[in-house]
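The next block holds one structure in the form of structure tokens; read it before the comments.
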Amino acid sequence: MRTDSSPGNLPAREHLPAGSAGTPVLDVVIPVYNEEKDLQPCVVRLHEHLKRTFPYAFRITVADNASTDTTPQVAARLESEIPEVRSFRLEQKGRGRALRTVWSASDAPILAYMDVDLSTDLNALLPLVAPLISGHSDLAIGSRLARSSRVVRGAKREFISRTYNLILRGSLQARFSDAQCGFKAIRRDVAQVLLPLIEDTGWFFDTEMLVLAERAGLRIHEVPVDWVDDPNSTVHIVKTATDDLKGVWRVGRALATGSLPLDRLARPFGDDPRDRDLTDVPKGLARQLVGFCVVGVLSTLFYLLLYSGFRSFSGSQIANALALLVSAVANTAANRRLTFGVRGRGSAVRHQAQGLVVFGIGLALTSGSLAALNAATSSPAHSTELAVLIAANLAATVLRFLLFRAWVFPDRRDETEASTVLASHNPSSPTYGTTTAAHQQHPRQLPHQQHPHTPLPQRPNATAPQAPYTNYDHSQTNEFRAGEAADRTWGDATMQLQAVRPHDHDPRDTRDAR
């Protein structure tokens, strides 16, 4: 998996800050490969929809994935005719590669993409990006499997889609409902940190992005969509399914071994009730207790099976020591990853050494219990031995949890609470700095937030003459400079979404008449 360097931890999620007058709020990317027939109708229809319904400045970027037909010429013509359209040419195929390249270079604070066939009804676009603009969510996806979605497609694709999402739920514990709907959006600050961790460059890109974001604790908003299958789709189902399964295995293995630095995606949630200081409940105690109990039950069953197996060819003391040793190593490893959330191989040897000390204490308790039982009766029954060992293990379990929490895996967050990573932006590139606890308590008094900000860039009025953006330069068609314009005025600016006229049905969309 990718372990590229990233700018740093994410800042606290806030309402989208004000931007420069010419900076688009939304950049919609349309990845294409040999789509010379569908590209122009798609871009024209999307552009007209955004002009009519989207209240802020926008951009449409055509990402050409090494097309061999006249798609590049069509994209260039659209760029010359429509000021809000740009084209970007890649010499390698891969939808994931196209999205990573264009999203990484875009200066818009909200990044989205949709398939060129426009199978998803465009009325879902504003509900898709609104939670990202408001600061409520980090990513947003269209879902064809939500209860209120209206979907028209064949039984084959329906079966494949639902089966794939069941595989994700069973193998990667995914909670989102639809991984591969070509209708997604992400905040730019999240994309800057998340994209370097994604390895896939093809169709699995979406799934990998969502799984990593979910595992890192980011909020994913789902929008029910109206979706009509494109019968002329050129997607190779068998090859795509095979690549997806390989990707599931790769990501699952990386998550299991802790090789992904998901802590880079950590962000302070501000008013999240889970972050509040409760005097009577230590942080994370309830979750750790549940995880420890689950691991403890499984470890006890594993221990009893080992003891019964070792007891068949050795004495009770030797069988107990061997069974406890093996189960203790497994117990420490499971608690390290599942209960206390320690990822990676760092300090793993030290944790196992400390776990062995805890094991020694448990061995003393259980061995002492067996010694007391043998002193009381010369030939105790096997069931009696098991009952005594269960009681001794329960006592050892309580002590083990206390030692794990206080000594082996102590919570070191309190040591770093005085310095929280916040965004400190530079016109040329995004950088991240730290601020003191006093600034955390009074975020409106930060130095870069003392000046008033202009509202979010609005689209020109539909009835007024249209003028191109003042900072738009046709000569810079294929040159995006990330973090150049959108990072000038980050602050505590709260915007009000303007009402959208009720003409939210495109007259060109013949599906509305069905």
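The values are calculated or read from the model by the stated rules, or taken from the named source; none is laboratory data. All values derive from a computational prediction rather than experimental measurement. Because the Cβ atoms are built from the backbone with ideal geometry, glycine has one as well, and the counts that use them run over all protein chains shown. These accessible areas exclude ligands, DNA and RNA; they are computed on the full protein's heavy atoms, side chains included. Shrake-Rupley method; radii C 1.70, N 1.55, O 1.52, S 1.80 Å.
Going by what's in this entry, would residue 252 be described as assigned to a helix (DSSP H, G or I), touching an Asp or Glu at 6+ places or on another chain (Cβ under 6 Å), at pLDDT 75 or above and within 30 Å of residue 196 (Cβ to Cβ)? Taking the combined requirement at face value, the residue does not satisfy it. Among the conditions (1) touching a residue at least 60 places away in the same chain (Cβ under 8 Å); (2) more than 26 Å from residue 14 (Cβ to Cβ); (3) open to solvent by 10 Å² or more (accessible area, probe 1.4 Å); (4) not in a strand (DSSP E or B), the only one that residue 98 does not satisfy is (3).
For the stretch 370-382, filtered to residues that are assigned to a helix (DSSP H, G or I) and closer than 19 Å to residue 324 by Cβ, the residue that is farthest from the chain's Cα centre (by Cα) is 374.
For every residue, the table says whether it meets (1) buried (at least 21 other Cβ atoms within 10 Å of the Cβ); (2) over 21 Å from residue 255 (Cβ atoms).
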residue: 183; (1), (2): yes, yes
residue: 189; (1), (2): yes, yes
residue: 196; (1), (2): no, no
residue: 199; (1), (2): no, no
residue: 206; (1), (2): yes, no
residue: 211; (1), (2): yes, no
residue: 215; (1), (2): no, no
residue: 224; (1), (2): no, yes
residue: 227; (1), (2): yes, yes
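Taking the stretch 63-95 as the range and being in a loop (DSSP other than H, G, I, E, B) and of a type in the set (D, E, K, R) as the test, the residues that pass are 69, 84, 91, 93. Within the stretch 147-169, residues that are farther than 24 Å from residue 209 by Cβ sit with their Cβ atoms under 6 Å from residues that are open to solvent by less than 70 Å² (accessible area, probe 1.4 Å) and among the hydrophobic types (A, V, I, L, M, F, W, C), at 6+ positions apart or across chains, in these pairs: 152/228. Residues in the stretch 168-184 that are touching a Ser or Thr at 6+ places or on another chain (Cβ under 9 Å) and at pLDDT 90 or above: 183 only. Taking the conditions (1) under 30 Å from residue 263 (Cβ atoms); (2) in contact (Cβ under 8 Å) with a residue 12 or more places away in the chain; (3) of a type in the set (Val, Ile, Thr) in turn, residue 349 satisfies each one other than (2).
Of all residues in the stretch 238-247, at least one satisfies being in contact with a helix residue (DSSP H, G or I) (Cβ under 9 Å, 6 or more places away or on another chain), closer than 25 Å to residue 138 by Cβ and at pLDDT 75 or above. Each residue in the stretch 403-428 was checked for being open to solvent by 40 Å² or more (accessible area, probe 1.4 Å) and either among the hydroxyl-bearing types (Ser, Thr, Tyr) or at pLDDT 85 or above (or both), and 6 pass.
With the structure loaded, tell me whether residue 63 is without any contact (Cβ under 8 Å) to a residue 60 or more places away in the chain, open to solvent by less than 20 Å² (accessible area, probe 1.4 Å) and either touching a His at 6+ places or on another chain (Cβ under 6 Å) or more than 30 Å from residue 146 (Cα to Cα) (or both) or whether it fails that test. Taking the combined requirement at face value, the residue does not satisfy it. Considering the stretch 102-216, the qualifying helices (runs of 4 or more DSSP H), each wholly inside and each with 2 or more residues that are more than 23 Å from residue 42 (Cβ to Cβ) and touching a strand residue (DSSP E or B) at 6+ places or on another chain (Cβ under 8 Å), run over 125-134, 188-194, 205-215.
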